[in-house]
Structure formats: C-alpha cells, structure tokens
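Student: Take a look at the following structure, please.
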Amino acid sequence: MDTTRIPVGDRGMYIHIPFCRQKCTYCDFPSYQGLEDYFDVYAYALRQEIESSQSLLGTDPFDTIYFGGGTPTVLSIKELNRILETVYKTYTISSDVEITIEANPGEVDTQYLRHLYELGINRISFGVQTFRDDHLRVLHRTHTAKMAQQAVLDAHEVGFRNISIDQIYGLPQQTLEDIAYNLEVIQSLPMNHISIYGLQVEPSTLLHRQVTDHSVILPSEDSCEQMYDYLVEGLEKQMFDRYEIASFGKDGAFSRHNIKYWHGADYIGFGAGAHSFVGNRRFQNTPYVVPYIHHIEMGESPCVEEEIITSPRDYEDFCFLALRTKWGLVPSLFESRFKLDFHNIYGSVIADLMRKQLLVYEDDAYRLTKEGAKHGNYVFSQFLTS
Amino acid sequence: MSTSHIRNFCIIAHIDHGKSTLADRLIEETGSLTKREMQAQVLDSMDLERERGITIKAQSVRLLHTAKDGQEYTLNLIDTPGHVDFSYEVSRSLAACEGALLVVDAAQGVEAQTLANVYLALEHDLEIIPVINKIDLPSADPERVKREIEDVIGLDASDAILASAKSGIGIQDILEAIVEKIPAPPDHSDKPARALIFDSRFDSYKGAIAYVRVQEGSLKVKDTIRMMHSSKDFEVTELGVFTPHLLPVQELPCGSVGCVAASIKNVRDCRVGDTITKADNPAEEPLPGYRKAVSMVYCGLYPTDSKDYENLRDALEKLNLNDAALEYEAETSLALGFGFRCGFLGLLHMDVIQERLEREYNLSLITTAPSVNYKVYKTNGEVIEVDNPAKLPPPTEIDYVEEPYVKATTIVPKDYVGAIMELSQDKRGEYISMEYIDESRVSIVYHLPLGEIIYDYFDKLKSATKGYASLDYELIGYQQSPMVKMDILLNGDPVDALSIIVHKDRAQLRGRALAEKLKELIPRQNFEIPIQAAVGTKIVARETVKAWRKDVLAKCYGGDISRKRKLLEKQKEGKKRMKAVGSVEIPQEAFMAILKVEN
C-alpha cells in the first residue's frame, strides 16, 4: 500500500443539528429534546453563520459535508435544502463531494429518504445501536429493531449506496448471543459501513444516575471485552475493513469526512457545539441553542473556546490521531509537516511500544497491532511528551 | 546581669491535653503578642505541625512577666514534642530548662506518654509544676486526676494548678508558680562561655542558626565562637531572642535562651548537642550532651525520578540540621536505583520526614517498607547489623538473628484489657505486668518485638480500644528470633525493595497477605504478572495480576479532538507515579504494601 496516499482530500464541513425527539440515556453530546419551537430560527441562524464565515474561510474547496447531531433529520427537506443551497452559494464544493447525514430509523420514511437523496446527499448514517428491542427501549431509542432494518432497506431502495450504522456493545443485559444476532442482521442488510462504540457512562447523563442507583446493571468488564472481540472478528469475517479503530468499511467505503479528523486536515464546523480545526487553531461554538442563536442575531461569533495548537502539542496530536487509522503514522509525513526528526523525538517510545508488540512498522508507517488497537489509549498517551 | 530574674521552663503533656493552647495563652497573657497577632497555636509553626495537631520541632519563646513582687522576670518557654517518637527531642529541650509544667487533662487523666516524659524530666532534676487543664469540661474530675498524679507518678499534687487554657482560667497562677517554684539558672557568668545547642535551623541568608541555652559565661555579637565538637571558629553576626518574633540583641547572658547566627555555611558545623565556647577563652570541657537519638525504624527513600537524587541528598542534609535524629546514608537498590537508607525515631517521624521532603522540597519519593535493625550472628563468627532486608545474608551464612525488643506500656480503660492482651499476644508479645491506675484504668506492660510494633500495631491498638489507649515504648535490648527474609518476585524477578524480614512462623501468612495486597495495588499491564512471595527457594504465596483490559471505544463527536486529548493526558498523569522495575510498572504505594495488609 502506498502510505503517502492517505485519502484525506480537501477540507471538510460539519453542520450540527442539536435536536432530538428524545434524548438517549447515555448521550452527553450537545443535543436537546423539546426544542421544536426553535427549529426554524436555529436553521436560519445556521445559514447566517455559514454565509458570514465566508470572508474568514476563503475559497479553498470542500469535498465533504457532514450533517451531524442530535438528529439532522428532524429538519424538513425544505430546511435542509435551504442550508445546502447556502453552502453551495457561499463556498467552493468539489464535484465529487461526499455529503453525509445522520438519521434516526423510524423518523424517516421512504419519501423523506428519497428527497434526501435527491438533495445530493449520498451517504447516510443510521443510529442503530442494536437490533434487540428490549435494549433499544432501555436506551430510550425511539425506534424498534424492525424499523431500523426497514430504514436501511428503504435507504438502499431510494438509491443510497453508502449506508452506515452505529453499534454499541456493553449494553445493560447484553450478552454474546445478542452480539451474534446483531452480526447476523448486519450481514443481511445492504450496508457498507459500521461504527462501533463501547457504552460509556458519562457524568450528568440519565444512564449515570441509573447505574448509580443500580436500576441499570452493566455487563462485567470481562464480558464487554468478549463482546468487543466477537464484534471486531465478526465484522472482519464479513469483509469489513477496520480502517479506523472504531470504524469499519466494505470495499473502500470509508468515511472521507472522518478521515480528516485523524490525519490533520482542516475542518470547519457550523452550528451549536460544532468544532473546527483550521491551520493551528481548534475552536468550538457554544453548545447551547439559544445563546448560539443570540450570538448570530447580534452579529457576534458563536465561538466560545479557542486553542492555538503549538509545538509540541501539534505533533503529539498528529501522532496519536494518525495511529487510529490503518494508514498509520508515517514518519516522512511527520517530518515534512513539522520539520522535526521523528525518531529523535519518539525513538525510545517507538522501541518500547514495538517491544510490547503494540506497534508494528510496515510500508514506511507505524501501525497499531490488534493488541495495540485494544489498548490504544495507552499507546496514544505515550506520544504525549509534555 | 544576674540570672535571678530568668526562668527556663518547658511544658510536658500528652497529645491533645492542651499544651499548645496553654503556650498560646501564656504568650497572650504576658503581652508578648496582641490578640490580633495571635495566630492560633503560635508555637506550632510548621504547616505539618498545625495540620496534624502535633509538635515536632522544639521552639522557644521569651515572655516578660511582672510578678506579684513587682519585679519583671524573663520566662523562657521551650516547647517540647508530645509524641512518643520524639522523646529524644524532649530530652534536648529538657536539658535547657530548670523546670517543667506537667499538663494533665482533667477528664482523661495521666497517659502513657505523660509518664515517659515526666520520668525524663525527673532524670534532668527539673522542678515539676502539675497543671490540671480543661477543668471547665463537664467531664472534668480534677480530684481523681490529682490522685492519679500522686499514685502513678509519685508527685505531690496538692498544689496542682487548676486551669483551662482555652478559657484563660488559672493562667496568672501558672505564671506566678513559674517565678516562685522554678529555680533561677545558676549564675556562672564569670566562667568561660559554654552554650548548649539544643536545636538548629538553616536560613538561606544567615546560614546555620543555633538555638542555645547559655549555661556559663555569655555570648556577644562579634565574639569569635568555637564549636567544641568540630573545633571550628566563627564570628557571631547576630544574636536574638524570640518574643515570639525574632528580636535582635547584643548579648545572650548566662542563663538565657536565644539564637546565634555566625555565617555558618556548612550545616554539619552546627550540630545539635554540641557546645559553643569562645575562641579567646575556651572552656575545657563541652557540656554533657543528652541521650543520643536512637533510630528505631529504617526505610529506603528513593526519588521517583532518578534525576532528583542530588536534590534528595541536599534536602536530607538540610532537614538533618533541624532534626539531628534523622540518620541517612546512600544506598542502591537494583529495583529503585540510587537512594538513601534513613533511620527514624519511629513511624510518625518517618511520615513527617517523608512529607516534609515532598512538600518543602518538592520531591516525589518512593518509600520502602520500614524495617528495624537486626543483629545477625554469622557462622564465621562475624556479627553484623542489618536494617535493610535486602542485605540479610543467605541462610547458610547465618548462625542466628537477634531482633530488638521494647517494653511497651499501654494505659487503657479496664474494659479493653482483653483486647490489648489479644493484640499483644498476636504480635508475639510477652506479658510482664498489669496495674490498676484507678478504679477504671489499667496500665499494662508487655515486651514486644519492635518489628511487630512498626507494622500496624498503632492502628490495631486504636481500633481495638476505640482510641482510648495510650502507648509508650522504650528499647530494652535484643532477643534471638527465627527471622527469615521473604522475597517478592514480580514476573519471576526478585524486587529487592519489596523484601521483608519476617518471623519464620508468620512468613506464609504474611506472604499471602502481601501478595494479595500487591495484586490490588499493581495495575494491570499488557501482560500477565505473577506475584510470588518466597522464603529462600520456597514459594509461600502466589497471585497474578491479569493482563490489562481493552479500552472502551469512544465516539469522536464531530471532531472534538481536545476531549480525546484530555483523556490521554489523564491516563499519562496516572503513569507518572509509577516506577518501572524491569518490565513491570509499580506504583509508589506498592512499596509500602506490607503496612496495609491484614494479618
């Protein structure tokens, strides 16, 4: 493999829609239920932000647009269309652009999906965490397993050829049999991308309270590890290629947008809570809907946090992010980007990790071994020098 | 100037019987400090002392008191530590006094440490004034406490002063009693100067500062003084007394207490216990010192980061100036690299030193499990002392081993006698005697191996008696015991810093407990780590730290890289306090694991 050909592309655009019909118990992302009254005014503010940022962002092309959430499909086709029109009107968009939208099964019918596809959206990612109804209910998902399967079939039917789902392992009461069942369903569906996550109990979520008062019992660490192993192996058997620690794609169906996060490409986020990385700046908009709208209305920047990424943080970030993907950490790319001697800085770290069989060196790049992927955080943390 | 208007005294009290509060009240009453200047408990100046409510360092303060006879007296209060570990410091302070206030809590009565310190004071021929403190407590029973003082200590308590330092009751009576009862220091102002260094401190501007009691002659600014121990001469740059603020003076006359600065650069030239005389008219003999500190507990101190070795050495040297009881010498460990073997008066002393090194000198340290000093009689007739388990010769070279024993006196309410006996028996103790102090309290004496006391005896004692017991112990000598070395192997390799010396019959139990504890403390790593406890080649216990678990795969929300990074930083931070020994990463607390095991 030619490692210098990491499919990073141009810059990416992220558009955040912070609304959900119902908040999932484990979710601590900027997403709110019960704010239906704000949909229109939020979408309007969003378009204003997209337009008014033009002078700052210049004319370099974007080759990915990613509608994330929350649930972007709570917006009407008309509203999504307006947003996309604004984007096209304001920026240079590559002809082969990848446009992804996150969607909730059960909230999108065939007609809606068809309209999405007609808008030029060519990739859809369904939040299907499992195909067991009892587990879906515990998580406060709004759909059933059957609706999820139907959504994938419908999307395929209307023309989507890049269909992704999320799967979470380590759910309350989940067993290895459930994972096996999920794998079976996956095999039967026309999808070519999967992201897998372990259920994490984040502070200030409903799940956290449930676990604390023992109304929800999580599987043991041992069984979580078994589920992880089973899932990773099962997907690989189905010819899914693990191109990133948590992402699997068939026949090169990788998320071009997400690859930008791992390989140091620029991305611009619009909307409440959206993150951006431009040059050496990482910045973030306010995660709250009303303050976001207010900032935009007042003609102010909604950005509330900004960090200038200087050395050594810039090259540390570069290393641990690159190691997440199958393209790995390429010393020559490191050296041309930072004008530093890679082995001078990381020689001993690399030697130690290779001795522990967590890293391998192949085709001019360092990559995680299977064991390394399992203990990625340990490997990554070794690249923090400060 | 005559010595007739000087009184030098100290306060003897059990922890919590109100010594520091009384000292504060005396300072306030004599107007040395205004109320506004009073920081609660002025004498406990080290942060650590105030936090732990204990007094570690001897300090002195000069009080001016106009007595009923209308004359002004200089009262020098020399503070003494109350904890059993620091009886050596007490004896230093006592050598500078002619009298002592014996403070006893009106509710709790005489405690084991009070006894020990009173006997020390009597050895120094001090005039003792009993003070019964906290008489305003609802549970106060001054009459019973008076009887105890008479029965247990053998002092006349008929004139005991009833006081409450907290409420200011009896403070004037105490000041009068100091003037009336404590003898003035003998006037030897015509003799060649002799001043006893009872404490010292290092100041980065003034050099080493000696706290002295002038026994004979006097010291003046610009005098050339001679340290009788090292025969080195220095010119006095500054003399001072504490009010408790430092007040510079031109002269420290005979009988007075104060401090001496003389641009002494090297801390070793200002040894506590040494005598200062004058170079132009030297005294013939140094003053008799006092009981030399005996190290009871030893442990290894190693910098977590080997680059800090020099800093650790400097810090120990500086601490040693203020704390002559601290002993240290360089040692090397295969596991931990370069460090120091340190000797302490007891476990609290060890804790205090370790904390001071970390806090005041900003060092990150690894402390190995404490050990006592064993006498090893070798088959070739040689006798060696071993305070580091790693240095115990192989069994084939050992004829027999002797371990230090202490006489431990515990005073406890009679309901807990059974608990004390059980605990002492469990710790290989030998019952000596038991006496009733009054109807409800008992004094029990056991002979115990010191090596057992330094593990968890204090904690066990406290929990077995709900904190009612007080303990004092003194070294009484050595007894032969079948001691063996127990090694700990991690991943098959012995880790010298984890070895302990243990009684043969207890090796298996303790080995199991230690292996279990280590299993808890050593975090999972990317391979399985067998933990073995071995005596010689025999494995007595085995545990396994399983290989680590996988990470949880987390969603990367919309390119939020900062969140990912924070997680990694946290993970990295956790690793910092680990020491890599061979291929195994060991957290600091694992080296002290033996102190935390349940037997």
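The values are calculated or read from the model by the stated rules, or taken from the named source; none is laboratory data. Please read these numbers as outputs of a predicted model, since none were measured by experiment. Neighbour counts run over all protein chains shown; Cβ positions are idealised from the backbone, glycine included.
Student: When you scan the stretch A:1-115 for helices (runs of 4 or more DSSP H) that lie fully inside it, which ones turn up with 2 or more residues that are within 14 Å of chain B (Cβ to nearest Cβ) and out of contact with any Phe, Trp or Tyr (no Cβ under 8 Å at 6 or more places or on another chain)? Break it down stepwise before answering.
Tutor: Working: elements: A:39-52, A:54-57, A:77-90.
Answer list for the stretch A:1-115: none.
Student: Limited to the stretch A:261-283, what total is found for residues that are at the interface with chain B (Cβ under 7 Å from one of its Cβ atoms) and among the basic types (Lys, Arg)?
Tutor: Of the stretch A:261-283, the ones at the interface with chain B (Cβ under 7 Å from one of its Cβ atoms) are A:261, A:267, A:269, A:274-275, A:277, A:282.
In the following step, the residues that additionally are among the basic types (Lys, Arg) were identified as A:282.
Total meeting the criteria: 1.
Student: Go through (1) touching a residue at least 40 places away in the same chain (Cβ under 8 Å); (2) surrounded by fewer than 15 Cβ atoms within 10 Å (Cβ to Cβ) one by one and return the number of the condition residue B:179 breaks.
Tutor: Checking residue B:179 against (1) touching a residue at least 40 places away in the same chain (Cβ under 8 Å); (2) surrounded by fewer than 15 Cβ atoms within 10 Å (Cβ to Cβ), the one that fails is (2).
Student: Any residue that is among the basic types (Lys, Arg) and within 30 Å of residue A:286 (Cβ to Cβ) - is there at least one of those in the stretch A:354-377?
Tutor: Within the stretch A:354-377, not a single residue is among the basic types (Lys, Arg) and within 30 Å of residue A:286 (Cβ to Cβ).
Student: Here is a further query. From A:329, A:340, A:333, grab the single residue that is surrounded by 13 or more Cβ atoms within 10 Å (Cβ to Cβ), in contact with a strand residue (DSSP E or B) (Cβ under 7 Å, 6 or more places away or on another chain) and more than 10 Å from chain B (Cβ to nearest Cβ).
Tutor: Working: A:340 fails: in contact with a strand residue (DSSP E or B) (Cβ under 7 Å, 6 or more places away or on another chain); A:333 fails: in contact with a strand residue (DSSP E or B) (Cβ under 7 Å, 6 or more places away or on another chain).
On inspection, the qualifying residue turns out to be A:329.
Student: Considering only residues that are surrounded by fewer than 20 Cβ atoms within 10 Å (Cβ to Cβ) and in contact (Cβ under 8 Å) with a residue 12 or more places away in the chain, look in the stretch B:377-392 and name the one that is nearest to residue B:475 (Cα to Cα).
Tutor: Taking the stretch B:377-392 first, the residues surrounded by fewer than 20 Cβ atoms within 10 Å (Cβ to Cβ) are B:377-385, B:391.
So of that shortlist, the ones also in contact (Cβ under 8 Å) with a residue 12 or more places away in the chain come out as B:377-380, B:385.
Values: B:377: 20, B:378: 24, B:379: 27, B:380: 28, B:385: 16 Å.
Selected residue: B:385.
Student: While we're on this one: For residue A:66, which of the numbered conditions (1) surrounded by fewer than 21 Cβ atoms within 10 Å (Cβ to Cβ); (2) under 21 Å from the mean Cα position of the chain (by Cα); (3) at pLDDT 95 or above fails to hold?
Tutor: For residue A:66, the exception is condition (1).
Student: Can you confirm whether the stretch A:160-174 contains a residue that is assigned to a helix (DSSP H, G or I) and under 22 Å from the mean Cα position of the chain (by Cα)?
Tutor: Restricting attention to the stretch A:160-174, the residues satisfying the condition of being assigned to a helix (DSSP H, G or I) are none.
Within the stretch A:160-174, not a single residue is assigned to a helix (DSSP H, G or I) and under 22 Å from the mean Cα position of the chain (by Cα).
Student: Would you check if residue A:251 is under 16 Å from the mean Cα position of the chain (by Cα), more than 9 Å from chain B (Cβ to nearest Cβ) and surrounded by fewer than 19 Cβ atoms within 10 Å (Cβ to Cβ)? Before you say what the answer is, go through the steps one by one.
Tutor: Numbers: under 16 Å from the mean Cα position of the chain (by Cα): no; more than 9 Å from chain B (Cβ to nearest Cβ): yes; surrounded by fewer than 19 Cβ atoms within 10 Å (Cβ to Cβ): yes.
Judged against the criteria, residue A:251 is not a match.
Student: From the list A:366, A:361, A:292, A:378, pick out the single residue that is more than 12 Å from chain B (Cβ to nearest Cβ) and either among the charged types (D, E, K, R) or in a helix (DSSP H, G or I) (or both). Walk me through how you get there before you give the answer.
Tutor: Details: A:366 fails: either among the charged types (D, E, K, R) or in a helix (DSSP H, G or I) (or both); A:361 fails: either among the charged types (D, E, K, R) or in a helix (DSSP H, G or I) (or both); A:378 fails: more than 12 Å from chain B (Cβ to nearest Cβ).
After applying the criteria, what remains is A:292.
Student: Another one. Tell me yes or no: at least one residue of the stretch B:390-412 is touching a helix residue (DSSP H, G or I) at 6+ places or on another chain (Cβ under 8 Å), closer than 17 Å to residue B:496 by Cβ and modelled with pLDDT of 90 or more. Spell out how you get there, then give the answer.
Tutor: In the first step, residues of the stretch B:390-412 are kept if they are touching a helix residue (DSSP H, G or I) at 6+ places or on another chain (Cβ under 8 Å); the result is B:390, B:403-406, B:408-412.
With closer than 17 Å to residue B:496 by Cβ added as a condition, the list becomes B:390.
The next check asks that each one be modelled with pLDDT of 90 or more; those that pass are none.
The answer is no; no qualifying residue exists.
Student: Can you name the condition, by its number, that residue B:242 falls short on among (1) touching a Ser or Thr at 6+ places or on another chain (Cβ under 7 Å); (2) on the phi > 0 side of the Ramachandran plot; (3) not β-branched (Val, Ile, Thr)?
Tutor: (2) is the only condition that residue B:242 fails.
Student: Does the stretch A:93-100 contain at least one residue that is surrounded by fewer than 21 Cβ atoms within 10 Å (Cβ to Cβ), of a type outside the set (Asp, Glu) and under 18 Å from residue A:273 (Cβ atoms)?
Tutor: Scanning the stretch A:93-100 turns up no residue that is surrounded by fewer than 21 Cβ atoms within 10 Å (Cβ to Cβ), of a type outside the set (Asp, Glu) and under 18 Å from residue A:273 (Cβ atoms).
Student: Next up: Would you mention how many residues in the stretch B:179-198 are of a type in the set (Lys, Arg) and either assigned to a loop (DSSP other than H, G, I, E, B) or under 25 Å from residue B:225 (Cβ atoms) (or both)? Spell out the reasoning first.
Tutor: Here is the first cut: in the stretch B:179-198, the residues of a type in the set (Lys, Arg) are B:181, B:191, B:194.
Going one step further and asking which of them are either assigned to a loop (DSSP other than H, G, I, E, B) or under 25 Å from residue B:225 (Cβ atoms) (or both), we end up with B:191, B:194.
Residues that pass the stated criteria total 2.
Student: Among the strands (runs of 3 or more DSSP E) contained in the stretch B:300-407, which hold 3 or more residues that are out of contact with any Cys (no Cβ under 6 Å at 6 or more places or on another chain) and over 28 Å from residue B:201 (Cα atoms)? Full working, then the answer.
Tutor: Values: elements: B:327-333, B:337-344, B:365-367, B:374-378, B:383-386.
So the answer is B:374-378, B:383-386.
Student: Looking at (1) facing chain B (nearest Cβ under 9 Å); (2) out of contact with any Phe, Trp or Tyr (no Cβ under 7 Å at 6 or more places or on another chain); (3) in a helix (DSSP H, G or I), can you tell me which one residue A:384 breaks?
Tutor: The number of the failed condition is (3).
Student: Residue check: is residue A:325 touching a residue at least 24 places away in the same chain (Cβ under 8 Å) and either aromatic (Phe, Trp, Tyr) or over 15 Å from residue A:246 (Cα atoms) (or both)?
Tutor: Working: touching a residue at least 24 places away in the same chain (Cβ under 8 Å): yes; either aromatic (Phe, Trp, Tyr) or over 15 Å from residue A:246 (Cα atoms) (or both): no.
In short, no.
Condition check ((1) over 22 Å from the mean Cα position of the chain (by Cα); (2) in contact (Cβ under 8 Å) with a residue 60 or more places away in the chain) across all residues:
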site	(1), (2)
A:83	no, yes
A:88	yes, no
A:94	no, yes
A:103	no, no
A:109	yes, no
A:113	no, no
A:137	yes, no
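Student: Looking at A:184, A:221, A:202, which one is of a type in the set (Asp, Glu), loosely packed, with under 14 Cβ neighbours inside 10 Å and more than 13 Å from every other protein chain (Cβ to nearest Cβ)?
Tutor: Working: A:221 fails: more than 13 Å from every other protein chain (Cβ to nearest Cβ); A:202 fails: more than 13 Å from every other protein chain (Cβ to nearest Cβ).
Only one candidate passes the filter, namely A:184.
Student: When you go through B:289, B:300, B:273 one by one, which is the residue that is crowded, with 16+ Cβ neighbours inside 10 Å, at pLDDT below 90 and within 20 Å of residue B:329 (Cβ to Cβ)? So that I can check it myself, show each step before the final result.
Tutor: Details: B:289 fails: within 20 Å of residue B:329 (Cβ to Cβ); B:300 fails: at pLDDT below 90.
After ruling out the rest, the residue left standing is B:273.
Student: Okay, next question. Has the stretch B:528-545 got at least one residue that is more than 30 Å from residue B:398 (Cβ to Cβ) and touching a Pro at 6+ places or on another chain (Cβ under 9 Å)? I'd like the intermediate steps shown before the answer.
Tutor: Here is the first cut: in the stretch B:528-545, the ones more than 30 Å from residue B:398 (Cβ to Cβ) are B:528-529, B:544-545.
With touching a Pro at 6+ places or on another chain (Cβ under 9 Å) added as a condition, the list becomes B:544-545.
Yes: one or more hits.
Student: Kindly indicate whether any position in the stretch B:468-491 is closer than 27 Å to residue A:222 by Cβ, at pLDDT below 90 and away from chain A (no Cβ under 14 Å).
Tutor: The answer is no; no qualifying residue exists.
Student: A further question follows. For the stretch B:411-453, which positions are in a helix (DSSP H, G or I), exposed (fewer than 14 other Cβ atoms within 10 Å of the Cβ) and among the small types (Gly, Ala, Ser)?
Tutor: Hit for the stretch B:411-453 is B:418, nothing else.
Student: Hey, another quick one. Restricting to the stretch A:298-354, what's the tally of residues that are of a type outside the set (A, V, I, L, M, F, W, C) and in a loop (DSSP other than H, G, I, E, B)? If you could, list the steps in order and put the result at the bottom.
Tutor: The initial filter retains those residues of the stretch A:298-354 that are of a type outside the set (A, V, I, L, M, F, W, C), namely A:299-302, A:305-307, A:310-317, A:324-326, A:328, A:331-332, A:335-337, A:339, A:341, A:343-344, A:346-348, A:352.
Then keep just the ones that are in a loop (DSSP other than H, G, I, E, B); that gives A:299-302, A:310-312, A:324, A:326, A:328, A:339, A:341.
Summing the residues that are of a type outside the set (A, V, I, L, M, F, W, C) and in a loop (DSSP other than H, G, I, E, B) in the stretch A:298-354 gives 12.
Student: Kindly establish whether residue B:402 is touching a strand residue (DSSP E or B) at 6+ places or on another chain (Cβ under 6 Å) and among the acidic types (Asp, Glu).
Tutor: On the way: touching a strand residue (DSSP E or B) at 6+ places or on another chain (Cβ under 6 Å): yes; among the acidic types (Asp, Glu): yes.
Against the criterion (touching a strand residue (DSSP E or B) at 6+ places or on another chain (Cβ under 6 Å) and among the acidic types (Asp, Glu)), residue B:402 qualifies.
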